[in-house]
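**Q** My structure is below; once you've seen it, I'll send some questions.
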Amino acid sequence: MASTSPTTVNGGSDTGTRTLSGFGFLTKRSYDPPPWASHLSPIPSHIFSLGHLPTPIHKWNLPNLPSNTELWLKRDDLSGMQLSGNKVRKLEFLMADAVAQGSDCIITIGGIQSNHCRASAVAAKYLNLDSHLILRTSEVLVDKDPGLCGNLLVERLLGAQVELVSKEEYAKIGSVALTDLLKEKLINKGRRPYVIPVGGSNSLGAWGYIEAIREIEKQLQDLDHGAGFDDIVVACGSGGTIAGLALGSWLSSLKATVHAFSVCDDPDYFYNYVQGLLDGLSAGVNSRNIVKVKNAKGLGYAMNTTEELKFVKEVAEATGVVLDPVYSGKAAYALTKDMAEHPQKWQGRKILFIHTGGLLGLYDKVDQIAPLVGNWQRMEIPKSTPRMDGLGKMF
């Protein structure tokens, strides 16, 4: 798709900022990094505008916060509808690279309700590319139709080719070998596939959240008081988001402490994985010095306790914000639990929690959630209420 030069928020079209005209969506443009990240290498040459950015930031009045603690919410769940959440920011860079390489399809991999796979399939179709998704499921379901629940419905409506693997196969073979197998198969059929790793989390994808830090900086500058944040809190599932956030916060004027609540694997795994992404950018910094990773996986990836789902329900009822059960729900649950156990650690802090999306994942939890919700009954209509056939129009 040809580059355009629309009007932008603050400067030329190459500054990484968003367009005002409304015609910038799905356009490719050259990319200039924030000045404080210009020494990183390699620097992406182009970016596709896939997200509805900047995403808003607002006060989040969760109950029972420590004294003098301010909690704010960055709504990356509002970065789009079909294409939403934190994955969009990574895909803006990854899809630009796929198109630049002349690819005609993408391959990516994740869990059966992977938000990333759904977002990748949407982004690919927007850019006239086919998508092949390797989805991990249980051994008893791997030979059965995966159904149309949540993310699967969107993926299959888009015509994505779904390849199922069992959790046991995934554990023994690994995501890289599985995507390589499918890549070789497609190449032999004359296709030109582009492989996107789990969660879009490689060094190129990390630029999405380096750029998000520039966005947050600009939003703070636009405030009258312009005060920054002491802490940034986010869920962590594949490492790319926290790599970009931590590096960006460390390099920029923000200097907020980044707290990552991991929903799978363990903190040591993520410190090591993020280090590889940082090294891939020639960042020259130790991951353990710029991000604090805390375990929040509970029963395991995409598995929820009743307490966690009850928390999601209570937050929605109290604040209107619906958290997903796999990422932000677990991270916010772990954060509030840590605040209750160690209130002095958070007292007087100004915290930015990043909601990374994943609403469709709730549809996979309806059986667990059903006992937690009620609030329905047949409406009582007195017999004395006048009735007349045809009075009520049903459109």
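The values are calculated or read from the model by the stated rules, or taken from the named source; none is laboratory data. Computed from a predicted model, the values in this text were never measured in an experiment. When we count neighbours, we look across all protein chains shown, and the Cβ atoms used for this are built from the backbone with ideal geometry, even at glycine. The protein model used for the area step is the full one, side chains on, heavy atoms only, and it has no ligands, DNA or RNA in it. Shrake-Rupley method; radii C 1.70, N 1.55, O 1.52, S 1.80 Å.
**Q** Among residues belonging to segment 318-339 that are hydrophobic (A, V, I, L, M, F, W, C) and more than 12 Å from LYS294 (Cβ to Cβ), point out the one that is surrounded by the most Cβ atoms within 10 Å (Cβ to Cβ).
**A** LEU323
**Q** Consider ASP143 carefully, then state whether it is in contact with a Lys or Arg (Cβ under 6 Å, 6 or more places away or on another chain), surrounded by fewer than 19 Cβ atoms within 10 Å (Cβ to Cβ) and closer than 20 Å to LEU181 by Cα.
**A** Judged against the criteria, ASP143 is not a match.
**Q** Still on this model: So if I check each of VAL322, VAL315, which one is more than 18 Å from ILE232 (Cβ to Cβ) and assigned to a loop (DSSP other than H, G, I, E, B)?
**A** VAL322
Each row is one residue, and each column tells you yes or no for (1) open to solvent by 60 Å² or more (accessible area, probe 1.4 Å); (2) assigned to a loop (DSSP other than H, G, I, E, B); (3) touching a Lys or Arg at 6+ places or on another chain (Cβ under 6 Å); (4) modelled with pLDDT of 55 or more.
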| residue | (1), (2), (3), (4) |
| --- | --- |
| GLY12 | no, yes, no, no |
| GLY24 | no, yes, no, yes |
| ASP32 | yes, yes, no, yes |
| LEU40 | no, yes, no, yes |
| ILE43 | yes, yes, no, yes |
| LEU53 | no, yes, yes, yes |
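**Q** Just give me the residues in segment 219-277 being of a type in the set (D, E, K, R), open to solvent by less than 10 Å² (accessible area, probe 1.4 Å) and over 22 Å from PRO56 (Cβ atoms), in sequence order.
**A** none
**Q** Determine if segment 373-382 includes at least one residue that is at pLDDT 95 or above, surrounded by 10 or more Cβ atoms within 10 Å (Cβ to Cβ) and under 30 Å from LEU152 (Cβ atoms).
**A** no
**Q** So, in segment 202-215, how many residues would count as being in a helix (DSSP H, G or I) and open to solvent by 30 Å² or more (accessible area, probe 1.4 Å)?
**A** Result for segment 202-215: 2.
**Q** Then there's this: Does LEU94 qualify as being part of a loop (DSSP other than H, G, I, E, B), closer than 22 Å to THR356 by Cα, open to solvent by less than 10 Å² (accessible area, probe 1.4 Å) and not polar (S, T, N, Q)?
**A** In short, no.
**Q** Here's a follow-up. Among the residues of segment 181-201, are any acidic (Asp, Glu), touching a strand residue (DSSP E or B) at 6+ places or on another chain (Cβ under 8 Å) and open to solvent by 20 Å² or more (accessible area, probe 1.4 Å)?
**A** No, because not a single residue in segment 181-201 is acidic (Asp, Glu), touching a strand residue (DSSP E or B) at 6+ places or on another chain (Cβ under 8 Å) and open to solvent by 20 Å² or more (accessible area, probe 1.4 Å).
**Q** Also, quick follow-up: Could you name every one of the helices (runs of 4 or more DSSP H) located completely within segment 134-195 that has at least 1 residues being over 21 Å from GLY361 (Cα atoms) and at pLDDT 95 or above?
**A** Those helices (runs of 4 or more DSSP H) span 167-173, 175-188.
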